[in-house]
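Q: Dropping the structure in here first, questions after.
Please treat every number below as a calculation from the coordinates, not as lab data. Note that the structure is predicted; figures quoted are calculated from it, not measured. Here Cβ is always computed from backbone atoms with ideal geometry, including for glycine, and neighbour counts include all displayed protein chains.
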Amino acid sequence: MGEQPLVDVDQLRSEVQEHYAEVAHDPDGEFHFHTGRRATSRLGYGQELIDGFPEPCIEAFAGVANPFSWGLPASGEQVIDIGSGGGLDALIAARAVGPKGAVVGVDMTPAMLERASRNAEAAGIDNVEFRSGYAEALPVPDGWADLVISNGVLNLVPDKVAAYEEIMRALTPAGRIQIADVCVEVEVPEEARRDIDLWKG
Ligand SMILES: C[S@@+](CC[C@H](N)C(=O)[O-])C[C@H]1O[C@@H](n2cnc3c(N)ncnc32)[C@H](O)[C@@H]1O
């Protein structure tokens with residue numbers, strides 16, 4: 001563990017899970033962020049990234065930017081997607097690494113894990129596995145990954161130092177990270193860091 005979170009971690013996790021279960025079940029619902037195709041096109045996902053995936057694979061996408069703007073993983077690489085949600089980024093990575101590579105998507109919300117696994121099956125992609133787990137305790141062995149990606153997740157994690165320590169543990173010594181997230185350049189006031197509604201939003 002790194003920093004001492006100012007919120008009740010169990011309560012935050014349970015509220016985040018509840019919120020993203022709604023996205024998994026009803027991705028066209030009213031949220032404070034865009035989902036699905038509207039989100040992929042606003043965030044610069046080229047058609048070549050999403051072409052060929054059945055619509056349900058795209059519907060529950062809820063990322064904040066494009067982790068592949070730094071490039072796709074290479075054939076044969078092993079990739080972890082932290083907070084894989086409905087699984088679109090993990091599926092894109094799985095298609096890029098091909099049959100000699102592997103992708104593990106990690107998420108703490110059961111409804112998202114179910115949706116992502118169904119999506120992988122619908123897309124006919126079998127080199128991806130979705131595992132239940134936390135960003136702060138990744139369910140992968142040390143040094144497993146060549147690349148760690150994540151999209152819109154670390155901003156929801158109260159102990160970011162622990163999450164980055166886990167990323168370093170899971171990567172090979174020459175491993176890379178491609179993380180899309182929400183960042184601020186000023187110190188967030190303590191009052192705001194104690195407000196679960198602001199964490200979730
Ligand atoms: C904004 S959504 C992004 C999902 C996906 N990356 C995408 O781009 O569509 C956030 C996801 O992160 C998951 N999540 C949030 N905090 C997490 C944590 N501490 N550990 C694992 N997953 C987490 C949520 O369950 C949710 O599926």
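Q: Answer yes or no: is there a residue in region 88-100 that is loosely packed, with under 13 Cβ neighbours inside 10 Å and either of a type outside the set (Val, Ile, Thr) or in a helix (DSSP H, G or I) (or both).
A: Keep residues of region 88-100 that are loosely packed, with under 13 Cβ neighbours inside 10 Å, which gives 99-100.
Next cut, either of a type outside the set (Val, Ile, Thr) or in a helix (DSSP H, G or I) (or both) only: 99-100.
Within region 88-100, one or more residues are loosely packed, with under 13 Cβ neighbours inside 10 Å and either of a type outside the set (Val, Ile, Thr) or in a helix (DSSP H, G or I) (or both).
Q: Starting from region 178-201, take each residue that is in a loop (DSSP other than H, G, I, E, B) and list its partners that are among the β-branched types (Val, Ile, Thr), counting only C-beta distances under 7 angstrom and pairs at least six apart or across chains.
A: Matching pairs, first to second residue: 181/64; 182/64; 194/7.
Q: Against the condition buried (at least 22 other Cβ atoms within 10 Å of the Cβ) and more than 17 Å from the chain's Cα centre (by Cα), how does residue 79 come out, does it pass? Before you say what the answer is, go through the steps one by one.
A: Numbers: buried (at least 22 other Cβ atoms within 10 Å of the Cβ): yes; more than 17 Å from the chain's Cα centre (by Cα): no.
No: the conditions fail for residue 79.
Q: Which residue is farthest from the ligand (Cβ to nearest atom), if the candidates are limited to region 16-60 and must be assigned to a helix (DSSP H, G or I), of a type in the set (D, E, K, R) and surrounded by fewer than 19 Cβ atoms within 10 Å (Cβ to Cβ)?
A: Step one: of region 16-60, the residues assigned to a helix (DSSP H, G or I) are 16-25, 36-42, 47-50, 55-59.
Those left that are additionally of a type in the set (D, E, K, R): 18, 22, 37-38, 42, 48, 55, 59.
Then keep just the ones that are surrounded by fewer than 19 Cβ atoms within 10 Å (Cβ to Cβ); that gives 18, 22, 37-38, 42, 48, 55.
Values: 18: 10, 22: 11, 37: 12, 38: 13, 42: 13, 48: 18, 55: 15 Å.
Out of the qualifying residues, it is 48.
Q: Output the number of the condition that residue 131 fails; it satisfies all remaining conditions of (1) in contact (Cβ under 8 Å) with a residue 60 or more places away in the chain; (2) part of a strand (DSSP E or B); (3) of a type in the set (D, E, K, R).
A: (1)
Q: In region 141-160, how many are more than 13 Å from the ligand (Cβ to nearest atom) and of a type in the set (A, V, I, L, M, F, W, C)?
A: Going residue by residue through region 141-160, those that are more than 13 Å from the ligand (Cβ to nearest atom) are 141-147.
Filter again for of a type in the set (A, V, I, L, M, F, W, C), leaving 144-145, 147.
Residues that pass the stated criteria total 3.
Q: Which one of 94, 102, 180, 135 is touching a strand residue (DSSP E or B) at 6+ places or on another chain (Cβ under 6 Å), more than 16 Å from the ligand (Cβ to nearest atom) and among the aliphatic types (A, V, I, L, M)?
A: On the way: 94 fails: more than 16 Å from the ligand (Cβ to nearest atom); 180 fails: more than 16 Å from the ligand (Cβ to nearest atom); 135 fails: more than 16 Å from the ligand (Cβ to nearest atom).
Testing whether each residue is touching a strand residue (DSSP E or B) at 6+ places or on another chain (Cβ under 6 Å), more than 16 Å from the ligand (Cβ to nearest atom) and among the aliphatic types (A, V, I, L, M) leaves just 102.
Q: Restricting the search to region 61-80, which residues are out of contact with any Phe, Trp or Tyr (no Cβ under 9 Å at 6 or more places or on another chain), over 11 Å from residue 127 (Cα atoms) and within 16 Å of the ligand (Cβ to nearest atom)?
A: 65, 67, 69, 70, 72, 73
Q: Let me ask something else about it. Regarding residue 13, is this residue within 12 Å of the ligand (Cβ to nearest atom), surrounded by 12 or more Cβ atoms within 10 Å (Cβ to Cβ) and either in a helix (DSSP H, G or I) or without any contact (Cβ under 8 Å) to a residue 40 or more places away in the chain (or both)? Explain how you work it out, then say what you get.
A: On the way: within 12 Å of the ligand (Cβ to nearest atom): yes; surrounded by 12 or more Cβ atoms within 10 Å (Cβ to Cβ): yes; either in a helix (DSSP H, G or I) or without any contact (Cβ under 8 Å) to a residue 40 or more places away in the chain (or both): yes.
Judged against the criteria, residue 13 is a match.
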